[in-house]
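A.B. asks: The structure is given below, and queries will be raised subsequently.
Derivation of every value follows stated rules applied to the coordinates shown; laboratory data play no part. These numbers come from a predicted model, not from an experiment. Every residue, glycine among them, receives a Cβ derived from its backbone with ideal geometry; neighbour counts consider all protein chains shown.
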Amino acid sequence: MADLLRHRGPDDAGVAQGEGWGLGFRRLAILDLSPNGHQPMSYGNGRFHLAFNGEIYNHVELRRDLEAEGERFRGGSDTEVLLRLLARRGEAALPMLNGMFAFALIDTERRTFLLARDRLGVKPLYYATGGGSLRFASEPKAMLAWPGERREIDDAAVARYLALGYLPGESAIFRGHAKLPPAHVLAGSLDDPSAARLRPYWDLSLSDDPTRRPLSPGETEELEHLLRDAVRIRLRSDVPVGVFLSGGLDSGLVAACAADVPGPRPLALTVGFAEGEANETDLAAATARHVGLDHRVVAQKPDGLDRLDELAWFFDEPFGDPSALPTFTLCEAAATVGRVFLSGDGGDEAFAGYRRYVEALRHRRVIDAAQFVGPTLRRVAGLAPALSPLRARLAKLGLPDRGCAAAFDDLPADPALAAVAHPRLRPLLAEAGAPLWARWARSRGRATILRQQDLDYRLYLPDDVLVKVDRASMAHSVEVRSPLLDIRLVEWAARLPRGALLDAHEGKLPLRALGRRLLPTAVERGAKRGFGVPLDAWFREAKGQALVRERLLGAHGTDLGHWDRRGVGRILDVHGSGAGRGFGVLLWRLLMLEAWTRQHAARTRPAEARHGERAGRPAPGCTRAHAGQASF
């Protein structure tokens, strides 16, 4: 199990075991590169044992507090700080942690175990029960190495993947597998692990105050202080730290703050495309010059379509977000020059930066009116051709409970899905969007912007954005740290009036105010472009069309029973014509599903040896990754 996770930690490996339990670990050394950071780590004459994946950014402050209580440390790792804090305070230590983490703690005296995951879900933790045992790992591929582990695909999960483009937290592609939710613990007895109890330890509450106002000067100062401190503590490392720099506001602010921290100046890395529409290297270069950082551009070319199998191997479950490709490319390049990198992830969720937030506010009267004629809109939509843009737009606008603000970019019940899905899966598509709608219903009756943010914190951020960054970075032994996900910043932004975050023209107003102080005007005023991939163009080229026909319409693809051959042919023809609706994202989802089945669905996985060898080499890397296996 641990060997399959060597890419997460090529620097060291360890195993600890006792009566009814066992832990395996792979380490990428960042803090305290000496053997004092070895894991699993024990304390209290062998009473406590810890396997820990992630970083505790405030470990310096926690160490001081523990030393004041009489603790004396052997080394300088945050692992040792976490272990001693847990030994003293148990679950009460969790609210004290500012970081990203997934860990397993064994208490041999009380015969108990504790699994925990960070508040926002930055670090993953999968588990499975059966036969009186509990197994867990940072990635499902390690779970599959357990003797007798089943590979029974859950058709409902496949339908949810096709509808959303990723798997929500309550779904796992294999039956019997589960994910520990963010901000939750799973605690139980070593003697009866299947009876472990799952419970939350934190929840985010967003202000319902609709007041529209700019930040006061004092609030802007407070925001800058919080962001600078979040960057400062994330630069704590015994290996070099760089910055992932797009042309956007969020990563630009992170870069500006990092450039001002005393010490070696970090390198800024950007991924660029040959296609001008998706390229933002010019703005990234402007930011790097403005703040005084060395800048390097990594090219992403259309040959990225050749990496489907590699992506599928490292992502473990079907994952259809196309931005995984440039993220993967960027992390691959990063591994050649550094070990730890800062990113701008989290700014859109905390400060209302997504386009759908602004559009929902701008068109709020239309959305309100649509609630009264929703059934009529849905009936009219049913009269339009299944693959037409008009049908998708009318169906989305006609969703009840202002659902078009939730499904702004992708419609879970997209008529095109019914056209391409295998007949066996079509009955499941009706409920495939349930994870989205269940979360949306939690905030019924509240302001739309609050509902959109709450939905993204509970679904899109943990199950798409953070999965993408974790797998792409860990595939190359690179650790990504996100200052805008600092819990102090997240909770501070949550207390602001929603009207202070955006207006009908743009979002992230607090960050833009800060950007006026720290960034070039072109970056501060620039429209959000995202980490896009020009899929529509790629799949209209001969190479892209040939790939779709080979993978989806060939014998292997059609034998899987996940899509309908004629349906795929129809959307490929419509897409290739360039007239009407583009289906680049849907084609990508199908290709990633096909590639995933090649890598993980069968017991003989063609790429396992190839990628295992690649992942196992001691590449420049950085995370101490909790390979987290246990057989209790």
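A.B. asks: Would you work out the relative contact order for the range 336-484, in percent, from Cα pairs under 8 angstrom that are 6 or more residues apart?
C.D. replies: 37
A.B. asks: How big is the chain by Rg and Dmax over its Cα atoms, in Å?
C.D. replies: 23.9, 74
A.B. asks: Then there's this: Which aspartates and glutamates does residue 141 reach when only Cα atoms under 12 Å apart count, and residues fewer than 8 places away in its own chain are ignored?
C.D. replies: Leaving aside aspartates and glutamates fewer than 8 places away in the same chain, those within reach of residue 141 are 3, 149, 316, 317, 608.
A.B. asks: Restrict the search to the range 398-475; then list the trypsin sites (Lys or Arg not before Pro) that DSSP places in a loop and that have at most 10 other Cβ atoms within 10 Å of their Cβ. Provide the component values of the computation, followed by the final result.
C.D. replies: Numbers: sites: 402, 424, 439, 442, 444, 446, 451, 458, 468, 471; in loops: 402, 424, 444, 446.
Filter output for the range 398-475: 444.
A.B. asks: Using 0.36 nm times the number of residues separating residue 424 and residue 72, minus their current alpha carbon distance, what extension gain do you get?
C.D. replies: On the way: separation 352, 0.36 × 352 = 126.72 nm, distance 6.14 nm.
Length gained between residue 424 and residue 72: 120.6 nm.
A.B. asks: Decide, for the range 182-241, between rounded, prolate and oblate: order the square roots of the alpha carbon gyration tensor eigenvalues as a ≥ b ≥ c, take rounded if a/c falls under 1.5, and otherwise choose prolate if a/b is larger than b/c, else oblate. Don't skip to the answer; put the middle values down first.
C.D. replies: Working: a/c = 6.11, a/b = 1.58, b/c = 3.87.
In terms of gyration-tensor shape, oblate.
A.B. asks: Additional query: Return the subset of 123/508; 179/396; 123/543 for which the Cα-Cα distance in this structure is over 32 Å, preserving the input order. Mind showing how you got there, number by number?
C.D. replies: Numbers: 123/508 26 Å; 179/396 30 Å; 123/543 36 Å.
From 123/508; 179/396; 123/543, over 32 Å: 123/543.
A.B. asks: Now for a separate question. Got a sec? How would 141, 123 order by Cβ neighbour count within 10 Å, fewest to most? Mind showing how you got there, number by number?
C.D. replies: Working: 141 23, 123 26.
Lowest count first: 141, 123.
A.B. asks: Something else about it: Can you tally the net charge around residue 584? Count Lys and Arg as +1, Asp and Glu as -1, for every other residue whose Cβ sits under 9 Å from the Cβ of residue 584.
C.D. replies: Details: positive: 540; negative: 536.
Net local charge, residue 584 excluded: 0.
A.B. asks: Give me the dipole magnitude in Debye, nearest 20, for the range 193-339 about the Cα centre, with unit charges on the beta carbon: positive for Lys and Arg, negative for Asp and Glu. The partial results should precede the final answer.
C.D. replies: Working: 14 positive and 24 negative charges, 114 e Å.
That gives the range 193-339 a dipole magnitude of about 540 debye.
A.B. asks: I want to check the label-to-label distance for residue 208 and residue 192. Put each point 7 Å from Cα in the C-beta direction and report it in nm to one decimal.
C.D. replies: 4.0
A.B. asks: From the residues 58, 79, 18, which one has its Cα farthest along the dipole of the range 1-94 in the positive direction, the dipole being from +1 and -1 charges on Cβ of Lys/Arg and Asp/Glu about the Cα centre?
C.D. replies: Sorting the options by dipole projection puts first 18.
A.B. asks: Another question about this same structure. To the nearest 20 debye, what is the magnitude of the charge dipole of the chain about its Cα centre, counting +1 on the Cβ of each Lys and Arg and -1 on the Cβ of each Asp and Glu? Kindly include the intermediate steps, with their values, before the conclusion.
C.D. replies: Details: 86 positive and 79 negative charges, 240 e Å.
The dipole magnitude comes to about 1160 debye.
A.B. asks: Let me ask another. Would you mind computing, in nm to one decimal, how far apart the modelled labels at residue 506 and residue 110 are, each placed 7 Å from Cα along Cα→Cβ?
C.D. replies: Using points 7 Å along Cα→Cβ, the separation is 5.1 nm.
A.B. asks: Also: Based on the Cβ-Cβ distance from residue 60 to residue 36, what FRET efficiency comes out when R0 is 22 Å, to the nearest 0.05? Let's see the in-between values first.
C.D. replies: On the way: r = 16 Å, r/R0 = 0.73.
Rounded to the nearest 0.05, the efficiency is 0.85.
A.B. asks: May I ask you to list the residues of the range 140-165 whose amide nitrogen lies under 12 Å from a point 7 Å from Cα along the Cα→beta-carbon direction of residue 566?
C.D. replies: It comes to no residues whatsoever.
A.B. asks: Here's a follow-up. With the cut-off at 1.5 for a/c, could you classify the range 1-133 from its C-alpha gyration tensor as rounded, prolate or oblate?
C.D. replies: rounded
A.B. asks: Please report 321, 559 as a ranked list, fewest other C-beta atoms within 10 angstrom at the top and most at the bottom. Write down the numbers at each step before the final one.
C.D. replies: Numbers: 321 22, 559 9.
Listing 321, 559 from fewest to most nearby Cβ atoms yields 559, 321.
A.B. asks: Answer rounded, prolate or oblate for the range 473-559, using the Cα gyration tensor with square roots of eigenvalues a ≥ b ≥ c: rounded when a/c is under 1.5, else prolate when a/b is larger than b/c, else oblate.
C.D. replies: Working: a/c = 2.74, a/b = 2.10, b/c = 1.31.
Prolate, because a/c is 1.5 or more and a/b exceeds b/c.
A.B. asks: So for the pair residue 401, residue 546, with labels modelled 7 Å out along Cα→Cβ, what separation do we get in nm?
C.D. replies: 4.8
A.B. asks: Could you quote the convex hull projected area for the range 312-374, Cα atoms only and averaged over all directions, in nm²?
C.D. replies: On the way: hull surface 28.8 nm².
Result: a mean projected hull area of 7.2 nm².
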